[in-house]
Amino acid sequence: MLKVVVGHSEDPDSQSAITEILEQCVNDLAGFIPQAGILFAAIDFDHQLILKEIHQIFPDIDLIGCTTDGEASSVLGFQQDSLTLMLFSSDTVEIHAGVGYQVRENPFAAAHQAVQQATAKSNNSAKLCVTLPASYTENGSTTNGELILQGLKLALDPQIPILGGTAGDQFRFQKTYQFYRNEVLTDSLPVLIFSGDIQFSYGIACGWQPIGRKSIVTKSQGTVLHEIDGKSALEYYQRYLGDRPPTAEHPLAVYEGDSDRYYMRVPNTYNIETGTINFLGNIPEQAIVQVTDISRDEVIAAAETSLHNALANYPGTEPEAVLLFSCCCRRWFLGTRTKEEYQLVKNALSSEIPICGFYTYGEFAPLEPDGYSYYHQETFVTLLLGTK
């Protein structure tokens, strides 16, 4: 059995919002006591007050969460400046939280600390990891999503799927907050580890379409792309965009080996003199890449594709909860149409299934079923949860 409930409030007052949410959750729990939860909150709430109120009602809950760039749930749909909480109760599924600190400077140590803390409480082997790490810490300093993921893979069995997203702060790019039990943190790595009788599946899609021919990265260093096919990165982009600078509208599709599956890398800054482009994620040498183009209709449709991929691989009859992780760039490009991608998911599911999600600064998910997890950008991730 897995009992999952969701509360959601758009009240701007922190006390009123969490009071409303807890009333919704307690009513829907119908006497069940939640063992774990996930909280998504807009940046301007009084987060410490909110955590205090949650722990007054549920003092033993293993809770993680983060600040966001937008929220979504089966209660209120897509919202901004809101607060949403998903609670889990089960007698057959173990769900335990852990947290690592100083993730910007020591991502491997933080990942090890978080996983050890969560798994030490469990009687069963880990099957799934959900993580919501910092993206920005102090004064605009950034964490490295790929190093965080590598650290988690080392701390866990590498076959265990890692899903989630990095925290947001509504495009301020200054400092994001993470939640662990009753602590409000920055520069941290919270995780929720699922084990026992848990069933799950996941799907991803982006909607950006590769254009032109596939090319090979001939020189790169971390996030800095120097050359593609022996020519400067800027020359490569100019072949397709002319004099327009490389922007988030035209990310690179980076292919995994010889497959047709790819993850996205978003251009950030560029240097005209050197012809280099700095991306929001590493691009390995010898990777096969294509520049992409955007169609808002296809970006929205990707949400439904992500869900259908997850449903096609779900091992049970019907999921009992859905978590969504969508990139803030998608929200920025879609504008007033942002709500449509959530609505596509909602319309394809039973009205009784609880849904909760947020807009991230980077996503974690495998590229394919039973595959290794990757760090993504501009991607819509669907995670389905249930029991046997």
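The values are calculated or read from the model by the stated rules, or taken from the named source; none is laboratory data. The shown structure was predicted, so the numbers you read here are calculated from the model rather than taken from an experiment. In this analysis, Cβ positions are derived from the backbone assuming ideal geometry, glycine residues included, and neighbour counts consider all displayed protein chains. Accessible surface is based on the protein model in full, side chains and every heavy atom, while ligands, DNA and RNA are left aside. Shrake-Rupley method; radii C 1.70, N 1.55, O 1.52, S 1.80 Å.
What does a probe at ASP44 reach in the range 10-30, counting residues whose amide N is under 13 Å from the point 7 Å along Cα→Cβ? Only 11-14 pass the distance filter.
If the chain between GLN343 and ASP28 were fully stretched, how many nm would it gain, using 0.36 nm times the residue separation less the Cα-Cα distance? Write out the running numbers ahead of the final one.
Values: separation 315, 0.36 × 315 = 113.40 nm, distance 2.24 nm.
Going from the current span to full extension adds 111.2 nm.
Taking only protein heavy atoms and a 1.4 Å probe, the accessible area of the chain is 46% carbon and sulfur. When both the range 341-388 and the range 206-247 are represented by their alpha-carbon centers, they are found 29 Å apart.
With a simple spin-label model that places each label point 7 Å from the Cα along the Cα-to-Cβ direction, the separation between SER350 and LYS231 comes to 5.5 nm. Stretched out straight at 0.36 nm per residue, the stretch from ARG261 to MET1 would grow longer than its current Cα-Cα span by 90.1 nm. Over all projection directions, the Cα-based convex hull of the chain averages an area of 17.5 nm². Modelled this way, with points 7 Å down the Cα-to-C-beta line, the labels at LEU311 and LYS52 are 4.4 nm from one another. Helix 14-29 and the long axis of the chain differ in direction by around 70°, with both axes built from C-alpha atoms. Among ALA72, ALA348, ALA167, the largest mean-square fluctuation in a Gaussian network model of the chain (Cα springs under 10 Å) belongs to ALA348. Under a crude label model (7 Å from the Cα following the beta-carbon direction), how far is GLN102 from THR269 in nanometres? About 2.7 nm, to one decimal. Extension gain for LEU76 to GLN238 (0.36 nm times residue separation, less C-alpha to C-alpha distance): 54.0 nm. Restricting the calculation to alpha carbons of the range 1-119 gives Rg and Dmax of 14.8, 44 angstrom.
The Cβ shell under 10 Å around THR92 holds other residues with a net charge of -2, Lys and Arg each +1, Asp and Glu each -1.
Computed from the Cβ-Cβ distance with R0 of 25 Å, the FRET efficiency linking GLN116 to GLN174 stands at 0.25. Look at the alpha carbon pairs under 8 Å that are at least 6 residues apart: their mean separation over the length of the range 63-171 gives a relative contact order of 31 percent.
Taking only alpha carbon atoms, the range 90-245 gives an Rg to Rh ratio of 1.07, where Rh is the Kirkwood radius. Computed from the C-beta positions of LYS219 and LEU154 and an R0 of 22 Å, the FRET efficiency is 0.20 to the nearest 0.05.
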